[in-house]
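Right, one structure below, let's go through it.
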Amino acid sequence: MFRVPVLILATVLSSTALWSAFVEGSMSVLTALVRFLIAVPVAALMTSAFRQVMSSDNRTPPTAAAEVAQQGVPELSSH
């Protein structure tokens with residue numbers, strides 16, 4: 001099934017339609033549920049992309065920063 005963050009994000013993305021259908025009554029419930037069902041795969045793609053970007057497997061320190069960390073910070077000379 002879907003993860004909880006996906007369902008929460010889908011609810012947020014379709015919140016105006018859900019509000020209009022269930023609270024105001026200005027939209028049909030079927031239309032609001034269709035919008036929610038469209039938002040679920042969109043939210044799944046968004047959370048999947050976010051998880052992939054934030055995963056620690058793909059992160060490596062920049063080369064320049066790694067070199068400075070190994071060599072130490074050079075002292076500044078005054079002219």
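Just a few scattered comments:
- Under the condition of being among the polar types (S, T, N, Q) and either buried (at least 17 other Cβ atoms within 10 Å of the Cβ) or under 24 Å from Arg3 (Cβ atoms) (or both), the residues counted in the range 21-47 number 1.
- Candidate set from the range 48-79 (those that are among the hydrophobic types (A, V, I, L, M, F, W, C) and surrounded by 10 or more Cβ atoms within 10 Å (Cβ to Cβ)); member that is modelled with the lowest pLDDT: Ala66
The values are calculated or read from the model by the stated rules, or taken from the named source; none is laboratory data. Keep in mind that this is a model prediction, so the values were computed, not measured. With ideal geometry, Cβ positions are generated from the backbone for all residues, glycine too; neighbour counts draw on all protein chains shown.
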